[in-house]
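Please read the structure below before turning to the comments.
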Amino acid sequence: MHSITDWLRGLSGPVVYAAVGGMVCAEDALFFSFFIPGETAAVLGGFIAHQGSVPLGWMVLVVVCAAVLGDTVGYEIGRHLGPAILRTRPLRRHAKRVDTAQDLIRRRGPAAVFVGRFIAFFRPLVPSLAGMSRMPYRRFLFYNALGGLAWGVGFTLLGYFAGAAYARVEGIVGRVATIAVAVLLAVALLVLFLRRHRSRGSGPAEDGDGREP
């Protein structure tokens, strides 16, 4: 996570938008959720915005648009390729989940597009199933845009506020560490002073045998 964040932080503004938006879009359009979850990309985008590399408003807009575009591409893939996509290796491994997603489409209709946006495995799958079922595109687009807006704003802001919380915690930890070091140093100096004082008090007595003259 740190390596990806550092890499994104070192990029220019347009490239950061392209990287984050590309990861969000690819998850929905090409089933990349098996490799890079969209939430991770959106949260990273918000975190980078908190670092000051890009404005938060533009990052939110990029994430929302990428989410809606990715679902639209997935819809078109399902509409044109049909059941063939269900025979791909990644989906054959998860036949039960695919059946659950198909059942969600049958029971919820277009609302499943909104609900599926917030379920990791269903997010890239439901748009393609909606296309396969010949769901009218206008209905699909409405719920797609609604879900993309809620999801994109929510997870990007989550990353932004997580970055703010991290900065506050880092500052508190830094102050606590400084105070702890100062206290330990003071205690060490006090112990050293007391040891020297005792060693002087228990030194050899002055010359004389203690007898009266």
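The values are calculated or read from the model by the stated rules, or taken from the named source; none is laboratory data. Because the structure is predicted, anything quoted here is derived from the model rather than measured. Virtual Cβ from ideal backbone geometry, glycine too; neighbours counted across all protein chains shown. The area values use the complete protein model at the heavy-atom level, side chains included, leaving out ligands, DNA and RNA. Shrake-Rupley method; radii C 1.70, N 1.55, O 1.52, S 1.80 Å.
Here is how the numbers come out for the structure above:
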| quantity | calculated |
| --- | --- |
| Residues that are over 25 Å from the mean Cα position of the chain (by Cα) and open to solvent by 60 Å² or more (accessible area, probe 1.4 Å), drawn from region 100-116 | THR100, ARG106, ARG107, ARG108 |
| HIS50 being under 16 Å from GLY116 (Cβ atoms), open to solvent by 50 Å² or more (accessible area, probe 1.4 Å), in contact with a Phe, Trp or Tyr (Cβ under 9 Å, 6 or more places away or on another chain) and not charged (D, E, K, R) | no |
| Answer from ARG168, ARG139 - the residue that is at pLDDT 90 or above, part of a helix (DSSP H, G or I) and either within 24 Å of ALA84 (Cβ to Cβ) or basic (Lys, Arg) (or both) | ARG139 |
| Test for PHE155: is it among the hydrophobic types (A, V, I, L, M, F, W, C), within 28 Å of the chain's Cα centre (by Cα) and surrounded by 21 or more Cβ atoms within 10 Å (Cβ to Cβ) | yes |
| Selected residue [of a type outside the set (Gly, Ala, Ser), in contact (Cβ under 8 Å) with a residue 40 or more places away in the chain, in contact with a Lys or Arg (Cβ under 8 Å, 6 or more places away or on another chain) and more than 26 Å from VAL16 (Cα to Cα)] from ARG117, ARG123, ARG134 | ARG134 |
| Failed condition for GLU76, given (1) crowded, with 17+ Cβ neighbours inside 10 Å; (2) assigned to a helix (DSSP H, G or I) | (1) |
| Failed condition for LEU81, given (1) under 28 Å from the mean Cα position of the chain (by Cα); (2) in a helix (DSSP H, G or I); (3) at pLDDT 80 or above; (4) surrounded by fewer than 20 Cβ atoms within 10 Å (Cβ to Cβ) | (1) |
| Selection count where residues are among the β-branched types (Val, Ile, Thr) and either surrounded by fewer than 14 Cβ atoms within 10 Å (Cβ to Cβ) or without any contact (Cβ under 8 Å) to a residue 12 or more places away in the chain (or both), scope region 87-99 | 1 |
| Condition met for LEU56 (open to solvent by 30 Å² or more (accessible area, probe 1.4 Å), in contact with a His (Cβ under 8 Å, 6 or more places away or on another chain) and touching a residue at least 12 places away in the same chain (Cβ under 8 Å)) | yes |
| Selection from region 23-40 of residues that are open to solvent by less than 10 Å² (accessible area, probe 1.4 Å) and at pLDDT 85 or above | VAL24 |
| Qualifying residue in region 120-132 (condition: open to solvent by 50 Å² or more (accessible area, probe 1.4 Å), of a type in the set (Val, Ile, Thr) and more than 30 Å from GLN51 (Cβ to Cβ)) | no |
